[in-house]
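The values are calculated or read from the model by the stated rules, or taken from the named source; none is laboratory data. Keep in mind the model is a prediction, meaning the values are calculated, not measured. Neighbour counts are summed over all protein chains in view; Cβ atoms, including those assigned to glycine, are modelled from backbone coordinates with ideal geometry.
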Amino acid sequence: MLISSHFVRPFLILLLLGLGGCASLPKDAGDDAVRLSLAIETLSPMVDPLEARRVAELLTRESLRLAETYRSVGPAWLQNVLVNSGFRERGLCYHWVNDLLTALESDEYRSLVFYRGGYAVGTFKEHNTLVIAPYGSSFEEGLVVDAWRYQGRLHWVRVVGDELDWEELLPASINP
C-alpha cells in the first residue's frame, strides 16, 4: 500500500519537531566561560582580565538563555528550517548576534570592542557572528564568538585562524 505524498510531509515535520524536543541543552556550560575569558585575554596584553571575564560570563549565560528562549534544536541547520518554515520565530545566526550585542550594551567596556562578522555574505551560505577585539585593534585581530553553530554552546576561534573567510559587517555595534 502506498502512502499519499500529502501525508508524508506533515509526518516528517512532526517527526522532526518530536526529535527536536528530545534534544536538551546543558544547563551548566561548565568551564566554557573560563576558557572564553582566557581566549579574550590572550588577544592582547591591553585587555583587562576582569572585563574579559565579565564578557565571557555574560555571553556564556546569555547564549544558553537564548537557546531556551528560541527553543533551539540541533543541528543548527534544523533550527533554520524551523524558523524559515514558521515553526520558530527566532534562532537564525543574525538573531543570535543581535541579541548578544543587545546584552553586551548593558555595560561599558574600555579594553574591548565588538563587531558583527559575516561569511559568504549575500549567498545561501551566509553566516553572521559576533567578533570581539581588543580596543584599538582591527576586526581581523579579533575572536569569532559563535552561539548559533552549537545552538547556545559557544564556539570561538581567532578570525585569522578560522577556516571561514570572515569580513566585518558595518556598523560595528559597541565601541568604548
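For residue 63, are the conditions met, namely being touching a strand residue (DSSP E or B) at 6+ places or on another chain (Cβ under 6 Å), part of a helix (DSSP H, G or I) and modelled with pLDDT of 90 or more? If you could, list the steps in order and put the result at the bottom.
Numbers: touching a strand residue (DSSP E or B) at 6+ places or on another chain (Cβ under 6 Å): yes; part of a helix (DSSP H, G or I): yes; modelled with pLDDT of 90 or more: yes.
When the stated conditions are applied, residue 63 passes them.
All but one of (1) surrounded by fewer than 16 Cβ atoms within 10 Å (Cβ to Cβ); (2) among the hydroxyl-bearing types (Ser, Thr, Tyr); (3) under 18 Å from residue 41 (Cβ atoms) hold for residue 85; state the number of the condition that does not hold.
Evaluating residue 85 over (1) surrounded by fewer than 16 Cβ atoms within 10 Å (Cβ to Cβ); (2) among the hydroxyl-bearing types (Ser, Thr, Tyr); (3) under 18 Å from residue 41 (Cβ atoms) leaves (3) as the failure.
I'm checking my understanding of the structure. Among residues of segment 147-157 that are buried (at least 17 other Cβ atoms within 10 Å of the Cβ) and assigned to a strand (DSSP E or B), which one is nearest to the chain's Cα centre (by Cα)?
Residues of segment 147-157 buried (at least 17 other Cβ atoms within 10 Å of the Cβ): 147-149, 151-154, 156.
Among the residues that remain, those that are also assigned to a strand (DSSP E or B) are: 147-149, 153-154, 156.
Values: 147: 2, 148: 4, 149: 6, 153: 8, 154: 7, 156: 9 Å.
The residue in question is 147.
Would you mind telling me which numbered condition in (1) small (Gly, Ala, Ser); (2) in contact with a Ser or Thr (Cβ under 8 Å, 6 or more places away or on another chain); (3) on the phi > 0 side of the Ramachandran plot residue 86 fails?
(2)
Could you tell me which of the residues 144, 121, 131, 160 is hydrophobic (A, V, I, L, M, F, W, C), surrounded by fewer than 21 Cβ atoms within 10 Å (Cβ to Cβ) and in contact with a helix residue (DSSP H, G or I) (Cβ under 7 Å, 6 or more places away or on another chain)? Can you show your working first?
Values: 144 fails: surrounded by fewer than 21 Cβ atoms within 10 Å (Cβ to Cβ); 121 fails: in contact with a helix residue (DSSP H, G or I) (Cβ under 7 Å, 6 or more places away or on another chain); 131 fails: surrounded by fewer than 21 Cβ atoms within 10 Å (Cβ to Cβ).
Of 144, 121, 131, 160, the one residue that is hydrophobic (A, V, I, L, M, F, W, C), surrounded by fewer than 21 Cβ atoms within 10 Å (Cβ to Cβ) and in contact with a helix residue (DSSP H, G or I) (Cβ under 7 Å, 6 or more places away or on another chain) is 160.
For residues that are touching a residue at least 12 places away in the same chain (Cβ under 8 Å) and assigned to a loop (DSSP other than H, G, I, E, B), scanning just segment 31-51, find the one that is nearest to residue 158 (Cα to Cα).
My answer is 43.
Could you tell me whether residue 103 is farther than 23 Å from residue 73 by Cβ and of a type in the set (Gly, Ala, Ser)? Don't jump to the end; show me each part of the working.
Details: farther than 23 Å from residue 73 by Cβ: no; of a type in the set (Gly, Ala, Ser): yes.
In short, no.
Return the residues of segment 74-94 that are part of a loop (DSSP other than H, G, I, E, B), closer than 19 Å to residue 145 by Cα and of a type in the set (A, V, I, L, M, F, W, C); say none if nothing qualifies.
92 - this is the single residue of segment 74-94 that is part of a loop (DSSP other than H, G, I, E, B), closer than 19 Å to residue 145 by Cα and of a type in the set (A, V, I, L, M, F, W, C).
I'm trying to understand the selection: among the residues of segment 95-109, which are surrounded by 13 or more Cβ atoms within 10 Å (Cβ to Cβ) and in contact with a Leu (Cβ under 9 Å, 6 or more places away or on another chain)? Reasoning before the result, please.
Of the residues in segment 95-109, the ones surrounded by 13 or more Cβ atoms within 10 Å (Cβ to Cβ) are 95-101, 103-104, 109.
Passing the criteria: 95, 96, 97, 99, 100, 101, 103, 104.
Could you check segment 121-143 and list, in sequence order, the residues that are within 24 Å of residue 81 (Cα to Cα), within 16 Å of the chain's Cα centre (by Cα) and not charged (D, E, K, R)?
In the first step, residues of segment 121-143 are kept if they are within 24 Å of residue 81 (Cα to Cα); the result is 121-130.
Still in the list and also within 16 Å of the chain's Cα centre (by Cα): 125-130.
Within segment 121-143, 127, 128, 129, 130 qualify.
Quick one: in segment 117-138, which of the residues that are more than 14 Å from residue 47 (Cβ to Cβ) and in a loop (DSSP other than H, G, I, E, B) is modelled with the lowest pLDDT?
Residue satisfying both the conditions and the ranking: 124.
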